[in-house]
Every structure is written in structure tokens, then in C-alpha cells.
Amino acid sequence: MIPQRSRVKINTPIFEVQSPTDIRRLLVLLTLGVLVAGCEPQDVRPGLWLGGENVSSPVEDWRFTDQIEEVFIETRPWYGIPHSTTIWCVQVGNELFIGSYGEKKKFWEINILRDYRAKIGIMGKIYDVAVTRLDDAAVHRSVTMAYQRKYDMAEVFGKKIPAWSFYRVEQEGNEKPST
């Protein structure tokens, strides 16, 4: 005698689940809903893939970012599903820089240290970029000053402004960029 599967009946206020097939459908719908709702980051909530118009032409002047408080960065974690978050940026000498504060590395930074290729989302446009840690002390000072001019650090952090790490953003996604 072949054992029969027992029917599971789950009543919820919205729908009724009666079989394993219904459960699989429900899981697929929930997964799709999470992916659609959670694609782009918002404030401190991270996201997945960035959406927008891909820009392949080089940006000669990043000054347009002076009026933009936050941009998106999409990085490539080891497990293959993109991770995106909001981030501050400044331009100095027609170059774009992003930053991170504190001693503990953010998830996007860990991803960048492993794979420098990323995407930057600015006003609905997506730029394929290479992101590298800024090691030049003179440029670091210039970027620090630009951050202090653009963002009111005392208002955000109070009297104890944390140390910052900065990263250069270049539109060279296929080659290892300069540092």
C-alpha cells in the first residue's frame, strides 16, 4: 500500500493554502515580491539591483553631483546577488569620490576590496565604475575638506566626527584603476 500525502490546510485572512503546490506558489510569489520591493536601497535599507538608464559615455565633469546628497552604489558580493546601498559623494578636480566612516568596514567596502567593479546610480542613470581605496594623503585631505563643505558633519555626528575612508570612482569597469 502506497502512503498518501496528507493535505495541509492553512487558513489566513487573505487566502487558503491546501497543498504543497499552493505552498510553492506562495513562496515564489513572496520571493518575487521581496525582490521587486527590495531592489533599490532607500535611506539606510540596502537593496539589490539598481534600475535606470545605463550610461556608457565618459563623464568629463562630476560637478553635477554637488547638488546631490546621496547616490546609490551596487557592489558584487561573493554569493553573486548584487548588494546596493545609499552613499555620500563629492567631486574634487573632476573626479568622483565616495566615503565611509568608522573603524568597522561597511558591507559595500568589503565587497569593493574583493572586487573593485561596481555600479553607481545617480538621478536614474547607472554608471559602470571601478572603485578603489584612496591612499594618497594629499588627495585624502582635499576630499575630506570637500566632504566637510558639502555635508554638515557637526550636525550629523556632533562634536566627535569619525575618521573617514575614501574611495576613487572611475569609469573603467574592466581594467584595474589607479589608486
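Assorted remarks:
- Prolate/oblate/rounded label for region 53-170 (Cα gyration tensor, a/c 1.5): oblate
- Each of residue 114 and residue 138 was given a label point 7 Å from its Cα along the Cα-to-Cβ line. The distance between the two points is 3.6 nm.
- Stretch gain in nm, segment residue 28-residue 56, where the contour uses 0.36 nm per residue and the Cα spacing is subtracted: 6.6 nm
- In loop segments of region 79-122 as defined by DSSP, the chymotrypsin sites (Phe, Trp or Tyr not before Pro) with at most 12 further C-beta atoms inside 10 Å of their C-beta are 79.
- A protection proxy built from the mean count of other Cβ atoms within 10 Å ranks the segments 136-144, 49-57, most packed first, as 136-144, 49-57.
- Modelled FRET efficiency - R0 25 Å, residue 66 with residue 161, Cβ distances, 0.05 increments: 0.75
No value in this document is a laboratory result; all are computed from the given coordinates. Computed from a prediction, not measured in an experiment: that's the story for all the values here. Ideal geometry is used to build each Cβ from the backbone, glycine not excepted, and the neighbour counts take in all protein chains shown.
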